[in-house]
1. If you take the residues of the range 70-107 that are in a loop (DSSP other than H, G, I, E, B) and of a type in the set (S, T, N, Q), which of them is surrounded by the most Cβ atoms within 10 Å (Cβ to Cβ)?
2. Which of the residues spanning the range 66-100 are in contact with a strand residue (DSSP E or B) (Cβ under 8 Å, 6 or more places away or on another chain) and either β-branched (Val, Ile, Thr) or touching a residue at least 24 places away in the same chain (Cβ under 8 Å) (or both)?
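Readers should treat all values here as calculations from the given coordinates under stated rules, not as data from a laboratory. Computed from a predicted structure; not experimentally measured. A quick note on method: Cβ atoms are made from the backbone with ideal geometry, for glycine too, and the neighbour counts reach across all protein chains shown.
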Amino acid sequence: MNEDFVDWDANLAGVLEEVQFASNVSVADCFASALKCYRIQTPNVIQLVEQNLQDEHVQKLCEFLKDRNMVIRLNLRRNKIGNAGAEALGKLLQFHDNTITHMDLTRNLIGTDGG
């Protein structure tokens, strides 16, 4: 196994521990899908709709995606993301990702400070 994959797997395990919802398997499935698309080096779509994600979850997701340039579309619609989560996503886009072309943040808790 490639050393990059071992590091990636360790990072993934840490993120999954931080972003864990016992009743919502789709969060884990999303990260597993992200891992798979990284391994085959094909940008992909991550959809985390109605998962009750909050700022700290989005911050962990941004750390996970940082400088990996692996996602084209990121759908975080209908969660509980506030200003801090929106700011983390903005920094991800501005400094650490050049593949995301579409992001859906509708129906969250983002105010004017985070928008």
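1. By that ranking, first place goes to Asn79.
2. Taking the range 66-100 first, the residues in contact with a strand residue (DSSP E or B) (Cβ under 8 Å, 6 or more places away or on another chain) are 70-77, 89, 93, 97, 99-100.
If the condition is that a residue be in contact with a strand residue (DSSP E or B) (Cβ under 8 Å, 6 or more places away or on another chain) and either β-branched (Val, Ile, Thr) or touching a residue at least 24 places away in the same chain (Cβ under 8 Å) (or both), then Met70, Val71, Ile72, Arg73, Leu74, Asn75, Leu76, Arg77, Leu89, Asp97, Thr99, Ile100 are the ones that fit.
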